[in-house]
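Before any comments, here is the structure.
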Amino acid sequence: MNGPDNNVHWWLGVAELLAHGMQHGAVKLKRVHLAIADESFRVLETIPVTRQGSRMVRTCHHSVSHVTYASVEFAGRAVAEVAGRASYRSSGKSERQSEPPASA
């Protein structure tokens with residue numbers, strides 16, 4: 001695969017790989033983040049004075065965390081999709097070439 005498009009194709013592959021890593025990393029990081037936060041919230045719920053406030057803060061914290069990590073995951077998925085399509089197009093294949101021949 002030599003030629004001027006080789007470098008572009010390589011960079012599109014790198015972008016797709018990094019985007020997939022970002023997408024899957026966000027899922028894993030969210031799990032770790034919420035698990036660590038839950039430890040603190042469990043401690044605060046054992047204290048009667050902080051129980052009610054802790055429940056409200058936990059709900060807000062988890063809601064914001066879910067939205068934030070979902071946004072990062074979505075961005076990774078979108079970049080991977082765009083890079084994958086651009087890489088496919090730059091390889092010179094058309095959609096008709098990739099489809100099997102129709103049976104008559």
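Side notes on the structure shown:
- The stretch between HIS62 and ALA37, if pulled fully straight at 0.36 nm per residue, gains 8.1 nm over its current Cα-Cα span.
- Spin-label proximity, HIS20 to region 47-90 - amide N less than 17 Å from point 7 Å beyond Cα toward beta carbon: 73-89
Quick note: the coordinates plus some simple rules give every number you see, no bench work behind them. For clarity, every value in this text was computed on a predicted model and none was experimentally measured. Heads up, the Cβs are rebuilt from the backbone with ideal geometry, glycines too, and the neighbour counts pull from every protein chain shown.
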